[in-house]
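Read the structure below first, then the notes.
The values are calculated or read from the model by the stated rules, or taken from the named source; none is laboratory data. Note that the structure is predicted; figures quoted are calculated from it, not measured. Ideal geometry is used to build each Cβ from the backbone, glycine not excepted, and the neighbour counts take in all protein chains shown.
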Amino acid sequence: MSNSPDVQHPSRDEAFQSAIDLARHILENANSYHALAAEDFPGRDRMRFAVLLVMLEEAGKMLNMVRECERAAKADYLSVRIEDYNDNCLNGRRALGQILEELRIMDKAFEALGKGEVERTPEPAFLREDFCTLKERVLYLPLDRSKRDTSFIPSGELMDRLAGTIERNAVAAGSYLHDLGRALGLWITLDLEPRKEGGSHSIRYV
(Lines give C-alpha, C1' and ligand atoms only; values in the text may rest on other atoms or scores of the structure.)
Protein backbone atom coordinates (compact mmCIF):
# COMPACT_ATOMS: atom_id res chain seq x y z
CA MET A 1 0.00 0.00 0.00
CA SER A 2 1.01 3.59 -0.56
CA ASN A 3 1.05 6.18 2.19
CA SER A 4 -2.21 7.62 0.92
CA PRO A 5 -5.43 6.19 2.40
CA ASP A 6 -6.74 3.23 0.44
CA VAL A 7 -10.27 4.59 0.06
CA GLN A 8 -12.26 4.29 -3.16
CA HIS A 9 -15.69 5.59 -4.12
CA PRO A 10 -16.94 3.67 -7.18
CA SER A 11 -20.46 4.27 -8.42
CA ARG A 12 -23.02 1.96 -6.86
CA ASP A 13 -23.61 0.02 -10.09
CA GLU A 14 -19.88 -0.46 -10.61
CA ALA A 15 -19.36 -1.55 -7.00
CA PHE A 16 -22.12 -4.16 -7.22
CA GLN A 17 -20.61 -5.59 -10.40
CA SER A 18 -17.11 -5.56 -8.89
CA ALA A 19 -18.34 -7.46 -5.83
CA ILE A 20 -19.91 -10.09 -8.10
CA ASP A 21 -16.66 -10.30 -10.08
CA LEU A 22 -14.77 -10.81 -6.82
CA ALA A 23 -17.08 -13.64 -5.75
CA ARG A 24 -16.53 -15.26 -9.15
CA HIS A 25 -12.75 -14.90 -8.78
CA ILE A 26 -12.88 -16.60 -5.38
CA LEU A 27 -14.74 -19.57 -6.88
CA GLU A 28 -12.20 -19.75 -9.72
CA ASN A 29 -9.47 -19.95 -7.08
CA ALA A 30 -11.51 -22.65 -5.34
CA ASN A 31 -11.42 -24.65 -8.58
CA SER A 32 -7.62 -24.35 -8.57
CA TYR A 33 -7.50 -25.38 -4.91
CA HIS A 34 -9.50 -28.56 -5.58
CA ALA A 35 -7.61 -29.37 -8.79
CA LEU A 36 -4.34 -29.28 -6.83
CA ALA A 37 -5.80 -31.71 -4.28
CA ALA A 38 -6.88 -34.26 -6.89
CA GLU A 39 -3.53 -36.07 -6.79
CA ASP A 40 -0.83 -36.43 -4.15
CA PHE A 41 2.57 -35.00 -5.09
CA PRO A 42 5.51 -33.27 -3.36
CA GLY A 43 4.64 -29.66 -2.62
CA ARG A 44 0.90 -30.17 -2.98
CA ASP A 45 -0.13 -28.91 0.45
CA ARG A 46 2.23 -25.96 0.15
CA MET A 47 0.57 -24.84 -3.08
CA ARG A 48 -2.93 -25.54 -1.77
CA PHE A 49 -2.17 -23.37 1.25
CA ALA A 50 -0.91 -20.55 -0.99
CA VAL A 51 -4.17 -20.64 -2.96
CA LEU A 52 -6.15 -20.79 0.30
CA LEU A 53 -4.38 -17.65 1.55
CA VAL A 54 -5.38 -15.80 -1.63
CA MET A 55 -8.96 -17.01 -1.14
CA LEU A 56 -8.91 -15.63 2.42
CA GLU A 57 -7.63 -12.26 1.26
CA GLU A 58 -10.21 -12.02 -1.51
CA ALA A 59 -12.96 -13.15 0.88
CA GLY A 60 -12.08 -10.32 3.25
CA LYS A 61 -12.44 -7.81 0.42
CA MET A 62 -15.70 -9.35 -0.76
CA LEU A 63 -17.34 -9.41 2.68
CA ASN A 64 -16.45 -5.75 3.19
CA MET A 65 -17.76 -4.80 -0.26
CA VAL A 66 -21.05 -6.63 0.30
CA ARG A 67 -21.59 -4.74 3.57
CA GLU A 68 -20.82 -1.41 1.91
CA CYS A 69 -23.04 -2.15 -1.10
CA GLU A 70 -25.88 -3.01 1.26
CA ARG A 71 -25.33 0.21 3.21
CA ALA A 72 -25.31 2.30 0.03
CA ALA A 73 -28.48 0.60 -1.22
CA LYS A 74 -30.40 1.14 2.01
CA ALA A 75 -29.32 4.77 2.27
CA ASP A 76 -29.84 5.34 -1.46
CA TYR A 77 -26.25 6.53 -1.97
CA LEU A 78 -25.06 6.79 -5.58
CA SER A 79 -21.54 5.62 -4.71
CA VAL A 80 -20.03 3.02 -2.41
CA ARG A 81 -17.19 3.77 -0.02
CA ILE A 82 -14.60 0.97 -0.03
CA GLU A 83 -11.71 1.06 2.42
CA ASP A 84 -8.51 -1.00 2.54
CA TYR A 85 -9.27 -2.86 -0.67
CA ASN A 86 -5.59 -3.22 -1.56
CA ASP A 87 -4.46 -4.26 1.94
CA ASN A 88 -4.43 -8.02 1.30
CA CYS A 89 -2.89 -8.83 4.67
CA LEU A 90 -5.54 -6.94 6.64
CA ASN A 91 -8.37 -8.41 4.56
CA GLY A 92 -7.02 -11.93 4.99
CA ARG A 93 -6.81 -11.61 8.77
CA ARG A 94 -10.35 -10.21 8.96
CA ALA A 95 -11.77 -12.99 6.81
CA LEU A 96 -9.94 -15.68 8.78
CA GLY A 97 -11.40 -14.39 12.05
CA GLN A 98 -14.93 -14.39 10.65
CA ILE A 99 -14.61 -17.82 9.04
CA LEU A 100 -13.22 -19.43 12.20
CA GLU A 101 -16.14 -17.96 14.14
CA GLU A 102 -18.58 -19.40 11.58
CA LEU A 103 -16.99 -22.84 11.96
CA ARG A 104 -17.23 -22.67 15.76
CA ILE A 105 -20.92 -21.76 15.50
CA MET A 106 -21.51 -24.68 13.14
CA ASP A 107 -19.75 -27.06 15.54
CA LYS A 108 -21.96 -25.90 18.42
CA ALA A 109 -25.10 -26.13 16.25
CA PHE A 110 -24.37 -29.77 15.35
CA GLU A 111 -24.08 -30.64 19.03
CA ALA A 112 -27.23 -28.66 19.93
CA LEU A 113 -29.20 -30.50 17.24
CA GLY A 114 -28.29 -33.83 18.78
CA LYS A 115 -25.85 -34.85 16.07
CA GLY A 116 -23.53 -36.12 18.74
CA GLU A 117 -20.31 -34.67 20.01
CA VAL A 118 -18.28 -33.20 17.19
CA GLU A 119 -14.60 -32.49 17.12
CA ARG A 120 -14.20 -28.75 17.48
CA THR A 121 -12.33 -26.93 14.73
CA PRO A 122 -8.75 -26.59 15.99
CA GLU A 123 -6.99 -23.26 16.06
CA PRO A 124 -4.71 -23.18 13.00
CA ALA A 125 -1.01 -23.08 13.84
CA PHE A 126 -0.50 -20.29 11.32
CA LEU A 127 -2.50 -17.95 13.58
CA ARG A 128 0.66 -17.75 15.65
CA GLU A 129 2.70 -16.73 12.61
CA ASP A 130 3.03 -13.39 10.86
CA PHE A 131 0.06 -13.64 8.50
CA CYS A 132 1.50 -11.00 6.19
CA THR A 133 4.55 -13.13 5.32
CA LEU A 134 2.88 -16.53 4.96
CA LYS A 135 2.49 -16.48 1.17
CA GLU A 136 6.10 -15.45 0.69
CA ARG A 137 7.28 -18.20 3.03
CA VAL A 138 5.41 -20.98 1.19
CA LEU A 139 6.06 -19.74 -2.35
CA TYR A 140 9.75 -18.83 -2.15
CA LEU A 141 12.73 -20.77 -0.84
CA PRO A 142 14.77 -18.79 1.71
CA LEU A 143 18.53 -19.08 1.46
CA ASP A 144 18.66 -19.44 5.24
CA ARG A 145 17.73 -23.08 5.98
CA SER A 146 16.46 -22.15 9.45
CA LYS A 147 13.66 -20.15 7.80
CA ARG A 148 12.38 -23.02 5.65
CA ASP A 149 10.07 -24.47 8.29
CA THR A 150 6.53 -24.90 6.95
CA SER A 151 5.12 -26.82 9.91
CA PHE A 152 2.46 -24.08 10.24
CA ILE A 153 0.69 -25.39 7.11
CA PRO A 154 -2.61 -26.87 8.37
CA SER A 155 -3.82 -30.37 7.68
CA GLY A 156 -5.67 -31.05 4.45
CA GLU A 157 -8.89 -31.58 6.41
CA LEU A 158 -8.67 -28.18 8.09
CA MET A 159 -7.77 -26.47 4.82
CA ASP A 160 -10.81 -28.09 3.22
CA ARG A 161 -13.07 -26.76 5.98
CA LEU A 162 -11.70 -23.24 5.60
CA ALA A 163 -11.96 -23.38 1.81
CA GLY A 164 -15.50 -24.75 1.97
CA THR A 165 -16.64 -21.91 4.21
CA ILE A 166 -15.07 -19.33 1.90
CA GLU A 167 -16.83 -20.94 -1.06
CA ARG A 168 -20.22 -20.89 0.68
CA ASN A 169 -19.74 -17.22 1.51
CA ALA A 170 -18.89 -16.40 -2.11
CA VAL A 171 -21.96 -18.23 -3.46
CA ALA A 172 -24.19 -16.61 -0.82
CA ALA A 173 -22.76 -13.17 -1.59
CA GLY A 174 -23.48 -13.65 -5.28
CA SER A 175 -27.09 -14.63 -4.58
CA TYR A 176 -27.59 -11.77 -2.13
CA LEU A 177 -26.13 -9.13 -4.45
CA HIS A 178 -28.27 -10.46 -7.29
CA ASP A 179 -31.44 -10.01 -5.23
CA LEU A 180 -30.39 -6.67 -3.77
CA GLY A 181 -29.33 -5.41 -7.18
CA ARG A 182 -32.70 -6.30 -8.71
CA ALA A 183 -34.37 -4.05 -6.14
CA LEU A 184 -32.20 -1.23 -7.49
CA GLY A 185 -32.85 -2.07 -11.13
CA LEU A 186 -29.47 -3.80 -11.58
CA TRP A 187 -29.39 -7.12 -13.40
CA ILE A 188 -26.23 -8.82 -12.19
CA THR A 189 -25.64 -12.48 -11.56
CA LEU A 190 -22.90 -14.84 -10.45
CA ASP A 191 -22.42 -17.03 -13.52
CA LEU A 192 -20.52 -19.82 -11.73
CA GLU A 193 -22.61 -22.49 -10.03
CA PRO A 194 -21.69 -25.58 -7.98
CA ARG A 195 -21.55 -28.78 -10.00
CA LYS A 196 -24.14 -31.34 -9.02
CA GLU A 197 -21.77 -34.25 -9.50
CA GLY A 198 -18.11 -34.86 -8.86
CA GLY A 199 -15.70 -36.11 -6.22
CA SER A 200 -14.59 -34.23 -3.15
CA HIS A 201 -11.75 -32.58 -5.04
CA SER A 202 -13.07 -32.36 -8.57
CA ILE A 203 -13.66 -29.01 -10.24
CA ARG A 204 -16.45 -27.52 -8.16
CA TYR A 205 -17.78 -24.53 -10.11
CA VAL A 206 -18.70 -24.23 -13.78
- Note on the structure: Conditions (1) of a type in the set (Asp, Glu); (2) at pLDDT 95 or above; (3) farther than 21 Å from Arg67 by Cα -> Asp144 fails only (2)
- Message: Which residue is farthest from Met65 (Cα to Cα), if the candidates are limited to segment 193-205 and must be surrounded by fewer than 19 Cβ atoms within 10 Å (Cβ to Cβ) and touching a helix residue (DSSP H, G or I) at 6+ places or on another chain (Cβ under 6 Å)?
- Response: His201
- Message: Suppose we filter segment 172-198 for residues that are out of contact with any strand residue (DSSP E or B) (no Cβ under 8 Å at 6 or more places or on another chain), in a loop (DSSP other than H, G, I, E, B) and free of Cβ contacts under 8 Å to residues at least 60 places away in the same chain; how many remain?
- Response: 5
- Query: Could you list, in sequence order, the residues of segment 104-138 that are buried (at least 16 other Cβ atoms within 10 Å of the Cβ) and in contact (Cβ under 8 Å) with a residue 24 or more places away in the chain?
  - Reply: Thr121, Pro124, Phe126, Phe131, Leu134, Lys135, Val138
- Does at least one position in segment 101-121 carry a residue that is in a helix (DSSP H, G or I), touching a Pro at 6+ places or on another chain (Cβ under 8 Å) and among the aliphatic types (A, V, I, L, M)? no
- Query: If we keep just the residues of segment 147-171 that are assigned to a helix (DSSP H, G or I) and surrounded by fewer than 13 Cβ atoms within 10 Å (Cβ to Cβ), which is nearest to the chain's Cα centre (by Cα)?
  - Reply: Glu157
- Item | Members of segment 37-67 that are crowded, with 19+ Cβ neighbours inside 10 Å, of a type outside the set (Val, Ile, Thr) and free of Cβ contacts under 8 Å to residues at least 60 places away in the same chain | Glu57, Glu58, Gly60, Lys61, Asn64, Met65
- Task: Just give me the residues in segment 9-61 being among the charged types (D, E, K, R), over 10 Å from the mean Cα position of the chain (by Cα) and assigned to a helix (DSSP H, G or I), in sequence order.
- Result: Arg12, Asp13, Glu14, Asp21, Arg24, Glu28, Arg44, Asp45, Arg46, Arg48
- Query: Restricting the search to segment 139-159, which residues are touching a residue at least 40 places away in the same chain (Cβ under 8 Å) and either touching a His at 6+ places or on another chain (Cβ under 8 Å) or not aliphatic (A, V, I, L, M) (or both)?
  - Reply: Thr150, Pro154, Gly156
- Message: Every residue in segment 62-89 that is under 22 Å from Leu27 (Cα atoms) and assigned to a helix (DSSP H, G or I), please.
- Response: Met62, Leu63, Asn64, Met65, Val66, Arg67, Glu68, Cys69, Glu70, Asn88, Cys89
